[in-house]
Structure formats: structure tokens, C-alpha cells
Amino acid sequence: SSALFHGLIRLSYAKQAHHPLMIAQALAYFELVSKKNEISAIYRDEDDCIILHNKLVKTLEEQDFKFNSKSSMEKFDELLQNEAVLNNVSYLRKPEKSFILDFILSNYQTSRDFYVLHLITSFEALLEFEEYLYDFDDVLNHFFLLAQIFVLFNRTSSTEQNIDVNNVQELHKKVLELNDFHDIKLFYSLLKLDRIFENEKINWVASYLFKK
């Protein structure tokens, strides 16, 4: 993985812009920050993956697990050194894009977390390259494995807010109200994901961006 998947996200933007220099810069950045992770995991069904993930979150809470590092990838490495993490993350027997997206969106709903935000934008970026990857199911599965670890960075559930959920396509008319560039990139990804998937959580996350 690369730091917060920025190389992948940049490459996706460059591809969509048909900009050779941006593509070269994105690939150079990816090469600079990329890090190969060898993680052993068992292949499981979707329901078992969710059960084990919830078990893992509870276990880390019981351990009162806290990070010693500040950088993202050092935190990632700390989690990989935790036996509970290694025993409870999984590959999917049959990786489905809709399931992985729902997993990420659900975690954003409960955490509003910066790292999970990047999982959403990088998932959308990854889909840009499906046609070029003969082993896309394997790539998708590895992405899901990494996502299970990144969502552990912030395990604090946010207090539920009353949000009037609006359709993301309708909210597009208000996009100039967004100021934070991460929110703008996230909204762009949500617009694109909504054209592919039927998931009401896309609308929820989009509406939250205008309410927070």
C-alpha cells in the first residue's frame, strides 16, 4: 500500500484528465512511497468477515490499544504486530465491490474518520483501473484486507447526528459550499460511486459533508 493511497488517487485523477505529465508524476510518487505488505489471511464469507471485524474492534478496546507512532504507515505497522489483528482480518472468498464499499461507508458513518475518508476516495480511484488489471479480484481483495486495518486507526464512534439525507446528485448543485479540499474530493468520489452502486449510505455521507 502507499501512504493513504495517495499514489493511486493521484493516478486516477491524472488518467481522467488525460494528462501524461500528471500520470508520470503520480507513478513517481507511488513508487516513492509504496510499501509492500506481506499479510497472511484466511479466505472467509462476507458474514464471517464482519463478525470477526466486530470481534477485533472489541478486542482492541479490551486491550486498551494505543498507538506509539504518529505517522500513518508506522501506525499501520503497529497494528500488523498485534496478534489479534493478524488473526481476525480476512480475504473474501468472493470479493464483491458492493460489499467492500458498504463496509467502508458503514465505518465512515460511525467514525467520520480521516483515514476512512481516504478509503472511500481510493476505492473509487481503484475502480478506474479495473479494465487494465487481469487479476482485479485479487487486487480488490487485497484492498479489502488493507481497509480492515485502516478502519482500526480511529475506533471511536461519533455521536449520531440528525441529518436530513439528500440525494448526492441533487447536492451537486451546492458543491461550491464545500471549502475543505478533502471534502471536495470525497464528494467527487461519492458522485461517481452513486452512478455505479445503489447504496443509500452514499447519500448519507454526501449529506453529512454539508452538515458537519
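Quick one: is Ser122 in contact with a Leu (Cβ under 6 Å, 6 or more places away or on another chain), open to solvent by less than 70 Å² (accessible area, probe 1.4 Å) and either modelled with pLDDT of 95 or more or within 30 Å of Gln81 (Cβ to Cβ) (or both)? The answer is yes for Ser122. Which of the residues spanning the range 74-102 are open to solvent by 30 Å² or more (accessible area, probe 1.4 Å) and in contact with a helix residue (DSSP H, G or I) (Cβ under 6 Å, 6 or more places away or on another chain)? Residues satisfying the conditions are Tyr91, Phe99. Among the conditions (1) buried (at least 16 other Cβ atoms within 10 Å of the Cβ); (2) modelled with pLDDT under 95; (3) among the acidic types (Asp, Glu), Asp194 misses just one, which is (2). Looking across the range 10-43, the residues that are closer than 16 Å to Met73 by Cβ and either among the aliphatic types (A, V, I, L, M) or in contact (Cβ under 8 Å) with a residue 40 or more places away in the chain (or both) come down to Leu32, Val33, Asn37, Ile39. Can you say whether Asp48 is at pLDDT 95 or above, part of a helix (DSSP H, G or I) and not basic (Lys, Arg), as far as the supplied structure shows? Taking the combined requirement at face value, the residue satisfies it. Evaluate the following for Phe150: is it exposed (fewer than 15 other Cβ atoms within 10 Å of the Cβ), in contact (Cβ under 8 Å) with a residue 60 or more places away in the chain and under 30 Å from Lys66 (Cβ atoms)? No: the conditions fail for Phe150.
The values are calculated or read from the model by the stated rules, or taken from the named source; none is laboratory data. For clarity, every value in this text was computed on a predicted model and none was experimentally measured. Heads up, the Cβs are rebuilt from the backbone with ideal geometry, glycines too, and the neighbour counts pull from every protein chain shown. Please note that ligands, DNA and RNA were not included when accessible areas were found on the heavy atoms of the full protein model with its side chains. Shrake-Rupley method; radii C 1.70, N 1.55, O 1.52, S 1.80 Å.
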